[in-house]
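Chemist: Mind looking over this structure? Questions follow.
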Amino acid sequence: MIGTLLLQTLALAIPYVLAALGGVFSERGGVINIALEGMLLTGAFFAALGAHAGGTTLGLVAAVGASAALAGLHGLLCVRFRADHVAAGLGINLLASGLTRFLLMACFDSASNSPMLPGMGQGVLASPMLWGTIILVALSHVALARTPFGLRLRAAGEHPQAAHSLGVPVDRVKICGVIASGALAGLGGAFLALDNHQFTAEMSAGRGYIALAAVIFGKWRPVPVAAACLLFAFADALQIELQAVLSGYKQFVQILPYALTLAVLAGFIGRSRPPAALGAR
Amino acid sequence: MRRSLALLVILVVIDVVLLFPGGREARSRDRSAAGARAPARVGLVFDVGGRGDRSFNDAAYAGMVRAERELGIEAELIEPGEGADRESAIRIFAARGFDLVIGVGFIFSNDLTLLAREYPRVHFACIDYAPPMRDGRPLPIPKNLVGLKFREEEGSFLVGAVAGLVSRSKVVGFVGGMDMPLIHKFEAGYRAGVGRVCPSCRVVVQYAGSTPAAFKDPVKGAALAVSQVGQGADVIFHASGSTGLGVMRVARDRHIRAIGVDADQFEDGLHPGSTTRSAVITSMVKRVDVVVYETIRAVIERTFRGGVRVFGLREHGVDYVHDSSHGRDIPAHVVRRVEELRASVIAGRIRVPEAP
């Protein structure tokens, strides 16, 4: 049972971690990204489309590409056209929901799911995406903390005027951050579809929002954010296992992930300070 | 600022267009060729998911296609998208003087109850009708509206018996979608069916969540199934929409059996590269097609009666897949036993509970 619990935690954590890493890149550059949900969904659909047409590799490429393009639109709206970040993000989520449904009908003639797809090995430990995700967490940490791009991105998110006066092309850096977030969230979506060997409508099921909570909980830093995602995934997995054991206390067990989130956010992490210019237009 | 506004307007327009993926579709053919007026004009409004869901909506569609073919009716359909205005979809048909307007899904109950009063000469039907409540009391159902309900617990009772009889581990699973009374009916019937044929069997019950998203999360469904396999389950019945597709996937990978719901889900459980080997041993089917067809016929033959009608085993409203090639993995002695149980339920010797 402990073994199942840990394996389930890893499998449930992968989409959270990838989407949340995306959220870190976007928000450290000062762009609020509630569009993670739509990017996950878009990634999942295009992963299915690519995998159906030419195997899993093509699926991954298509997922990253399509989701990054959608993120580019979000970046353009927020940064170039100074739209409200939350409103634009909501629009992107609605667009993703309608677009995937429309394309599902157009490409696969079904309103609910794609045909069966080639997958990526059985079990989470055999999935190359587990190791890919771990590497991406490390790379994200290095990229943000140690590279010129990371420094510029953080400057754009903390004090865009100062960054601008030092010659940083603020708008372009911010949009790059948002596009990176789309690429990462798209990969998370690809995991949803490929691990399940199928795309189904609305399969992101709110994971983008949970990922966003993990970004805040992890104080906008890649490694703590990944740890937060692991905690959320663990709560999910624990809830599933406990439902069967404590069948008399079903309702109580089902609130566990939410109660845990509240408790952690309220009590244990201390002050979580967002980038100073987050959401600025 | 103005440019951003223009861009947002464009985005909203695209959104709205995409919210109506199917749009309206006229399905009347050769109206002039036949010369005579069709015996009835019928409008069908789908639930979210729409045509192509290989389940509920497709079954309603099949019933209407059969009525077109056999009764010569004239039919039109509307597929409202998520968040689209369902009430106006019904009103479009009612205002044009259709003979019968069918809403596919409990979500239409409220709108249909109100519109039936507004258009007393139009007949209305609502699948899975749940009477709308005002001040804690259910609203009376208008005379020109028929609420069509199913005894899901009776069909679930039969597949529960199948599960109890084919399980070798004596542990069987149930995966529910959203934790709510409608799904509790499936759980209750299933539990009763398992208990009737195998009192020593354990039923592991887990739900995917407490919001409607729990019906659309195959990844969660797979996690639930993995957990149940870990507890020894070798047959899993799901009542969880597309969440159940994750259950099927795990059933394939782990070589256990799954039981489908609403429609015959044999094809969703097919092993890779095979067209005959499926993890789905049977499915609990709701005959929405039969009910839609019979309602249309009642309107034509002027035998339509309003009120709530309930379809159980006796009315052939629910059933389990066993007499086609998709049910041939069920051993003959199991089918015999389950058919005995069916007869007992129909005769009233067994009462299947609606709540666990």
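Read the figures in this text as sums done on the coordinates, not as results from a lab. Since this is a predicted model, take the numbers as computed values, not measurements. Heads up, the Cβs are rebuilt from the backbone with ideal geometry, glycines too, and the neighbour counts pull from every protein chain shown.
Chemist: So, with +1 on the Cβ of K and R and -1 on the Cβ of D and E, and no other charges, what is the size of the charge dipole of the range A:2-268 about its Cα centre, to the nearest 20 debye?
Modeler: 680
Chemist: Given H placed 1.01 Å from N in the peptide plane, which residues other than close sequence neighbours of B:Tyr320 have an amide H under 5 Å from its amide H?
Modeler: So B:Tyr320 has HN proximity to B:Val285.
Chemist: Taking the DSSP beta bridges in the range B:39-188 as the whole, what percent of them are antiparallel, to the nearest 5?
Modeler: 10
Chemist: Once amide H atoms are built 1.01 Å from N in the peptide plane, which residues 5 or more positions from B:Tyr207, or in another chain, come under 5 Å H to H?
Modeler: B:Gly176
Chemist: Treating the beta-carbon of each Lys and Arg as +1 and of each Asp and Glu as -1, no other charges, what is the dipole magnitude of chain B about its Cα centre, to the nearest 20 debye?
Modeler: It comes to approximately 420 debye.
Chemist: I would also like to ask the following. Report the Cys residues of the protein assembly as shown lacking a disulfide-compatible partner, meaning no second Cys Cβ under 4.7 Å from their Cβ.
Modeler: A:Cys78, A:Cys107, A:Cys176, A:Cys229, B:Cys126
Chemist: Moving to a separate point now. With +1 on each Lys and Arg Cβ and -1 on each Asp and Glu Cβ, how big is the dipole of the protein assembly as shown about its Cα centre, in debye rounded to the nearest 20?
Modeler: Using only the charged Cβ atoms, the result is roughly 760 debye.
Chemist: For n ≥ 4 DSSP H runs only, could you compute -39500 (n - 2.57) per run for the protein assembly as shown, divide by its residues and tell me the 222 nm figure to the nearest 500?
Modeler: After summing the helix terms and dividing by the residues of the protein assembly as shown, the value is -17500 deg cm²/dmol.
Chemist: Can you give me the long-range amide H partners of B:Val101? Hydrogens built in the peptide plane at 1.01 Å from N, cutoff under 5 Å, separation of 5 or more residues or another chain.
Modeler: The answer is B:Gly43, B:His123, B:Phe124, B:Ala125.
Chemist: Can you work out the Karplus-derived ³J(HN,Hα) for every residue in the range B:107-113? Use 6.51 cos²θ - 1.76 cosθ + 1.60 with θ = phi - 60°, whole Hz, and x for glycine or proline.
Modeler: Karplus values, whole Hz, x for Gly and Pro: 4, 8, 3, 5, 4, 5, 4.
Chemist: Taking the Cα atoms only, what angle lies between the long axis of helix B:288-300 and the longest principal axis of chain B, rounded to 10 degrees?
Modeler: The answer is roughly 40 degrees.
Chemist: Give the separation of the Cα centroids, the range B:296-331 to the range B:204-250, in Å.
Modeler: 27
Chemist: Shifting gears a bit: What average number of partner chain Cβ atoms lie no more than 10 Å from the Cβ of the residues making up A:22-33?
Modeler: Whole-number average of other-chain Cβ neighbours for A:22-33 is 0.
Chemist: Work out how much length B:Ala62 to B:Arg336 would gain on full extension: take 0.36 nm times their residue separation and subtract the Cα-Cα distance, in nm to one decimal.
Modeler: Difference between extended and current length: 95.7 nm.
Chemist: In whole angstrom, note down how far apart the Cα centers of the range B:102-152 and the range A:113-156 are.
Modeler: A separation of 50 Å, based on Cα centres.
Chemist: If a/c stays under 1.5 just call it rounded; otherwise compare a/b with b/c (prolate if a/b is bigger, oblate if not). Do that for the range A:169-237, with a ≥ b ≥ c from the square roots of the Cα gyration tensor eigenvalues.
Modeler: oblate
Chemist: Could you please rank A:Asp171, B:Asp262, placing first whichever residue has the fewest other Cβ atoms within 10 Å of its Cβ?
Modeler: Ascending Cβ contact count within 10 Å gives the list A:Asp171, B:Asp262.
Chemist: Which order do the peptides A:33-41, B:108-116, B:318-326 come out in when sorted by mean C-beta neighbours inside 10 angstrom, highest first?
Modeler: A:33-41, B:108-116, B:318-326
Chemist: From the square roots a ≥ b ≥ c of the eigenvalues of the alpha-carbon gyration tensor of the protein assembly as shown, which class results: rounded (a/c under 1.5), prolate (a/b over b/c), or oblate?
Modeler: Oblate shape, in that a/c is at least 1.5 and b/c is the bigger or equal ratio.
Chemist: Hey, another quick one. Considering only DSSP beta bridges where both residues belong to the protein assembly as shown, give the percentage that are antiparallel (nearest 5).
Modeler: Close to 20 percent.
Chemist: In addition: Would you work out if the range A:83-197 is rounded, prolate or oblate? Take a ≥ b ≥ c from the square roots of the eigenvalues of the alpha-carbon gyration tensor; rounded if a/c is under 1.5, else prolate when a/b is larger than b/c, oblate otherwise.
Modeler: oblate
Chemist: Tell me, what is the FRET efficiency for A:Tyr249 and A:Arg273 to the nearest 0.05, using R0 = 35 angstrom and their Cβ-Cβ distance as r?
Modeler: 0.40
Chemist: Which one of A:Ala88, A:Met129, A:Leu260 is farthest out on the positive end of the charge dipole of the range A:2-268, using unit charges on Cβ (Lys, Arg +1; Asp, Glu -1) and the Cα centre as origin?
Modeler: A:Ala88
Chemist: Sticking with this structure for a sec: May I ask you to list the aspartates and glutamates whose Cα is less than 18 Å away from that of B:Lys170, ignoring any residue fewer than eight positions away on the same chain?
Modeler: B:Lys170 reaches B:Glu187, B:Asp234.
Chemist: Show me the ranking of peptides A:133-139, A:143-149 by mean Cβ neighbours inside 10 Å, starting with the highest.
Modeler: Ranked by mean Cβ neighbours within 10 Å, highest first: A:133-139, A:143-149.
Chemist: Taking beta carbons within 10 Å but only from partner chains, what does the mean come to for residues A:102-108?
Modeler: 3
Chemist: Continuing with the same structure: With the dipole of chain A worked out from charges on the C-beta (+1 for Lys and Arg, -1 for Asp and Glu) around the Cα centre, which of A:Gly75, A:Gly38, A:His159 lies farthest toward the positive end?
Modeler: Checked the options; the winner is A:His159.
Chemist: Let me ask something additional. Past 23 Å, Cα to Cα: identify those pairs from A:Lys250/B:Lys220; A:Lys174/A:Lys219; A:Lys219/A:Lys250; B:Lys185/B:Lys220; B:Lys216/B:Lys286, in the order given.
Modeler: A:Lys219/A:Lys250, as the Cα separations exceed 23 Å there.
Chemist: At 37 °C and a viscosity of 0.692 mPa s, what translational diffusion coefficient does Stokes-Einstein give for chain B, taking Rh as the Kirkwood radius over Cα pairs? Give it in µm²/s as a whole number.
Modeler: 152
Chemist: Okay, next question. Can you check how the C-alpha radius of gyration of the range A:2-268 compares to 2.2 N^0.38 Å, as a plain ratio?
Modeler: With N residues counted in the range A:2-268, Rg over 2.2 N^0.38 Å equals 1.00.
Chemist: If you don't mind, another one. Please find the FRET efficiency linking B:Glu301 to B:Thr211, where r is the Cβ-Cβ separation and R0 is fixed at 56 Å, and quote it to the nearest 0.05.
Modeler: 0.85
Chemist: Starting from 0 in steps of 10 Å, tell me what percent of the Cα-Cα pairs of the range B:170-319 lands in each bin.
Modeler: 11, 36, 32, 14, 6, 0
Chemist: Along the range A:43-53, what does the Karplus equation 6.51 cos²θ - 1.76 cosθ + 1.60 (θ = phi - 60°) give for ³J(HN,Hα), rounded to whole Hz, x for Gly and Pro?
Modeler: x, 4, 5, 6, 4, 5, 4, x, 5, 5, 7
Chemist: Right, something else. For peptide A:111-118, compute the average count of partner chain beta-carbon atoms within 10 Å of each residue's beta-carbon.
Modeler: Neighbouring Cβ atoms belonging to other protein chains average 6 per residue here.
Chemist: Give me B:Val122, A:Val264, B:Val146, A:Val142 ranked fewest to most by other Cβ atoms within 10 Å of their Cβ, as a rough exposure proxy.
Modeler: Listed from fewest to most nearby Cβ atoms, that is A:Val142, A:Val264, B:Val122, B:Val146.
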